[in-house]
Amino acid sequence: MRARTRRIVREHGEIGMIMIDYLQLMQIPGSSGDNRTNEISEISRSLKALAKEFNCPVIALSQLNRSLEQRPNKRPINSDLRESGAIEQDADVIMFVYRDEVYHPETEHKGIAEIIIGKQRNGPIGTTRLAFIGKYTRFENLAPGSYNFDDD
């Protein structure tokens, strides 16, 4: 990935962002795959170094552990990141998307997504809500006053 990124920079100039769709599909060349947790840790560290080398954000999508499905509250937390605490340690920001209607089809909050900031190295953590337009897989700001949420 580093060599490909260098070639792209050489041919097209600076890059604004690197996006990894599904971190767990990445492999280290020559690795036996015997210890996947260590391999994911190495990949995580390499992505952090890549961000520093090219001075751009690296956004990596990651799978979550299935243990989340067993909890009453299905909102993901940092420890749900699959195969590695290194992802949690190396990341500057960890964000999750939670939609209540996925787990509770009868919810009164259909079309609402919660963006959960589980970690932000230089800022606050918390949750914000957005409108989710499923037809377009798109998120939009909620109109002020259009929803009443009980944050118990």
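Annotations for the structure displayed:
- Selection of the range 47-89 for residues being touching a helix residue (DSSP H, G or I) at 6+ places or on another chain (Cβ under 6 Å), surrounded by fewer than 17 Cβ atoms within 10 Å (Cβ to Cβ) and among the polar types (S, T, N, Q) yields 63, 65, 78.
- Some residue of the range 29-39 being touching a Lys or Arg at 6+ places or on another chain (Cβ under 9 Å) and either within 29 Å of residue 123 (Cβ to Cβ) or in the same structural domain as residue 114 (by TED's automatic domain parsing) (or both): no
- Candidate set: the range 123-142, residues that are small (Gly, Ala, Ser) and within 15 Å of residue 109 (Cα to Cα); chosen: the one surrounded by the fewest Cβ atoms within 10 Å (Cβ to Cβ): 134
- Residue within the range 88-98 that is of a type in the set (D, E, K, R) and in contact with a Lys or Arg (Cβ under 6 Å, 6 or more places away or on another chain) present: yes
- Checking each residue in the range 133-152 for being at pLDDT 80 or above and more than 25 Å from residue 57 (Cα to Cα) picks out 133, 134, 135, 136, 142, 143.
- Sole residue being part of a loop (DSSP other than H, G, I, E, B) and β-branched (Val, Ile, Thr), chosen from 8, 15: 15
The values are calculated or read from the model by the stated rules, or taken from the named source; none is laboratory data. Just so it is clear, the structure is predicted and the values come from calculations on it, not from any experiment. Methodologically, a virtual Cβ is constructed for each residue, glycine included, from the backbone with ideal geometry; neighbour enumeration extends over all protein chains shown.
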